[in-house]
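The values are calculated or read from the model by the stated rules, or taken from the named source; none is laboratory data. Values in this document were obtained by computation on a predicted structure and should not be read as measured data. When we count neighbours, we look across all protein chains shown, and the Cβ atoms used for this are built from the backbone with ideal geometry, even at glycine. Side chains included, ligands, DNA and RNA excluded: accessible areas come from the protein's heavy atoms. Shrake-Rupley method; radii C 1.70, N 1.55, O 1.52, S 1.80 Å.
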Amino acid sequence: MRLAPTPISGSLLLVPLLFAFGCTRPEVEAFRISPPPVSVTVSLPERLADREGFQQEYASALRGRLATRVVVVPEGVKPPVGAAELQVDIRDISPASGQPSPAAIGVATGVAVGAISAASGNRGWGVVDGLFWGLWVGSHAAMHQERTQDRLGYRPQVVRAQIRLVRQGIPEPLWVDSVEPVEVVEAMDPLPPGARDDDGRIREEEAKGFARVVVQKLSSHFQWVRFTDQRFYEDPAAKKGDLPSRGPEPTPAEPKKD
């Protein structure tokens, strides 16, 4: 005989759903439904050469990409009351040559696996285990670097960052995440053959790839959809005909990697 569901069993089914919605902070949900204008700030390591150039390149790429999702405050324009701020802390920008070589990765892996194997009592096979896994990891690291070089036509830099979205009057960040080097590399596009030795063009594409990753993370978290055009905030207090110190920074539409 089949029993009809009881009110208690029906309520238990609602618990996971209520828990999921209950975990969303009210201010985060309010931001998702009706986001205010967002400003962008980028910080970089003090030791970085041409720090100002990198800062301008990355901030411009982020504003241009973000403006296809929400209203963005242009550089030099005062944000309105209640605005949000995307704080990007780029903690590492270093040449790809600074990455560990496949051989170094393989040796480090082999030593670690061999030590663990020996410590677990497998003393006779510890060296063999370390050699096998070291060669396997090293060869895969080499193939990955070769695929990246072949796909892009150039060697990108290592970019690692922490990102936060904050809003005026709210002490806790609305959203926090990180960006790893592999994410930026996968989001980058190849350059034409004539531009693959141009450091300026490579840096521009690196900044665009970084912006794609950040905005994609934001869009997934807040369920944003893409506008048909870029949208920038205009200060209503400014007199008609007056120009801001720095206007909107339109960028060409990028249909790829959305």
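Can residue 68 be described as in a loop (DSSP other than H, G, I, E, B), closer than 26 Å to residue 170 by Cα and at pLDDT below 90? So that I can check it myself, show each step before the final result.
On the way: in a loop (DSSP other than H, G, I, E, B): yes; closer than 26 Å to residue 170 by Cα: yes; at pLDDT below 90: no.
Answer is no for this residue.
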Discussion item. Condition first: part of a strand (DSSP E or B), of a type in the set (D, E, K, R) and more than 16 Å from the chain's Cα centre (by Cα). Now tell me which residues in the range 150-172 satisfy that.
Written reply: 167, 172
Worksheet item: Just wondering, is there one or more residues in the range 203-213 that are out of contact with any helix residue (DSSP H, G or I) (no Cβ under 6 Å at 6 or more places or on another chain), over 27 Å from residue 24 (Cβ atoms) and not in a helix (DSSP H, G or I)?
Response: no
Practice prompt. Pull up the range 187-209, narrow it to residues that are in contact with a Gly (Cβ under 8 Å, 6 or more places away or on another chain) and open to solvent by 70 Å² or more (accessible area, probe 1.4 Å), then point me to the one that is farthest from residue 49 (Cα to Cα).
Written response: 193
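Just to be sure, is residue 214 surrounded by 15 or more Cβ atoms within 10 Å (Cβ to Cβ), within 16 Å of residue 42 (Cβ to Cβ) and aliphatic (A, V, I, L, M)? Please lay out each step first, then the result.
On the way: surrounded by 15 or more Cβ atoms within 10 Å (Cβ to Cβ): yes; within 16 Å of residue 42 (Cβ to Cβ): yes; aliphatic (A, V, I, L, M): yes.
In short, yes.
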Worksheet item: Within the range 7-52, can you find the residues that are open to solvent by 60 Å² or more (accessible area, probe 1.4 Å), part of a loop (DSSP other than H, G, I, E, B) and modelled with pLDDT of 90 or more?
Response: 34
Fill in: Where a residue in the range 71-82 is touching a residue at least 12 places away in the same chain (Cβ under 8 Å) and assigned to a loop (DSSP other than H, G, I, E, B) and its partner, wherever it lies, is open to solvent by less than 30 Å² (accessible area, probe 1.4 Å) and among the basic types (Lys, Arg), with Cβ under 9 Å and at least six apart
73/63; 74/63; 75/63
Discussion item. Every residue in the range 173-186 that is under 9 Å from the mean Cα position of the chain (by Cα), of a type outside the set (D, E, K, R) and farther than 23 Å from residue 53 by Cβ, please.
Written reply: 178
Response to the item:
residue 89 fails exactly one of (1) open to solvent by 20 Å² or more (accessible area, probe 1.4 Å); (2) farther than 19 Å from residue 36 by Cβ; (3) at pLDDT 90 or above; (4) not in a strand (DSSP E or B), namely (4)
